[in-house]
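Report on one structure; see the data block that follows.
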Amino acid sequence: SAVISQKPSRDICQRGTSLTIQCQVDSQVTMMFWYRQQPGQSLTLIATANQGSEATYESGFVIDKFPISRPNLTFSTLTVSNMSPEDSSIYLCSVVWDRGSVYTFGSGTRLTVV
Amino acid sequence: GQSLEQPSEVTAVEGAIVQINCTYQTSGFYGLSWYQQHDGGAPTFLSYNALDGLEETGRFSSFLSRSDSYGYLLLQELQMKDSASYFCAVRDEDYGQNFVFGPGTRLSVLP
């Protein structure tokens, strides 16, 4: 299985600013996923990031708000732009392995927008 | 689209057995997974069922019935550390073979 280092683990940000979250994987992976989890809720997929191509965004998420970079097979970033209190949430990156049947998640970034 | 249903909360005592059910609706079913998430932690993989039947891993077992669009997670010999949220997730061909997560079940284990 892969090990993912995600940072920052938490942050408190002012509205209108942006935060970039980083995920580093200890092995090369084709796809990385970014999820949002609001307190007490389930995980919602934001986008899928493949190396060398534009990220694929799910309904309700747009590139201008959540730009993603995937410069190589072990690293990705998610930026939460022009933040509002509604963006307060936990953001998680993940990778899939074992022929697509298992996800490993980063430790998450707990974001509070004030 | 896809939809998954789980009970929102389950409570049990140490040493007991608890079953968390998951029903799903999806057109391109590939498999059903279970994840455990402790407060403040990341989800961790528990099991994956692609075929009907029961899979056992230590104290945890997972069951799938594709014809009934139903699965469950069975936790035996409950321990306090099992208190967590449990999510079922469906792997869906119509979703790029990615997983859609259920709403989660919060399990509280009492002494």
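The values are calculated or read from the model by the stated rules, or taken from the named source; none is laboratory data. Since the model is a prediction, treat every value here as computed from it, not as a measurement. Glycine also receives a Cβ, built like all others from the backbone with ideal geometry; neighbour counts cover every protein chain displayed.
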Looking at the range A:1-11, is at least one residue modelled with pLDDT of 95 or more and assigned to a loop (DSSP other than H, G, I, E, B)? yes
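A quick yes/no check of all residues on (1) among the aliphatic types (A, V, I, L, M); (2) more than 23 Å from residue A:39 (Cβ to Cβ); (3) more than 9 Å from every other protein chain (Cβ to nearest Cβ):
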position	(1), (2), (3)
B:44	no, no, no
B:65	no, yes, yes
B:74	yes, yes, yes
B:90	yes, yes, yes
B:98	no, yes, no
B:109	yes, no, yes
Considering only residues that are surrounded by 19 or more Cβ atoms within 10 Å (Cβ to Cβ) and outside any strand (DSSP E or B), look in the range A:85-114 and name the one that is farthest from the other protein chains (Cβ to nearest Cβ). A:87
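Conditions tested, residue by residue: (1) in a helix (DSSP H, G or I); (2) at positive phi; (3) away from chain B (no Cβ under 11 Å).
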site	(1), (2), (3)
A:35	no, no, no
A:40	no, yes, no
A:49	no, no, yes
A:53	no, no, yes
A:61	no, no, yes
Restricting attention to the range B:63-87, the residues that are among the acidic types (Asp, Glu), surrounded by fewer than 16 Cβ atoms within 10 Å (Cβ to Cβ) and free of Cβ contacts under 8 Å to residues at least 60 places away in the same chain number exactly 1
Can you name every residue in the range A:33-59 that is under 15 Å from the mean Cα position of the chain (by Cα) and over 24 Å from residue B:86 (Cβ atoms)? A:47, A:48, A:49, A:50, A:51, A:54, A:55, A:56, A:57
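Every residue, every condition in (1) buried (at least 18 other Cβ atoms within 10 Å of the Cβ); (2) in a loop (DSSP other than H, G, I, E, B); (3) under 12 Å from the mean Cα position of the chain (by Cα), yes or no:
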position	(1), (2), (3)
B:4	yes, no, yes
B:7	no, yes, yes
B:15	no, yes, no
B:20	yes, no, yes
B:23	no, no, yes
B:30	yes, no, no
B:33	yes, no, yes
B:41	no, yes, no
B:45	yes, no, yes
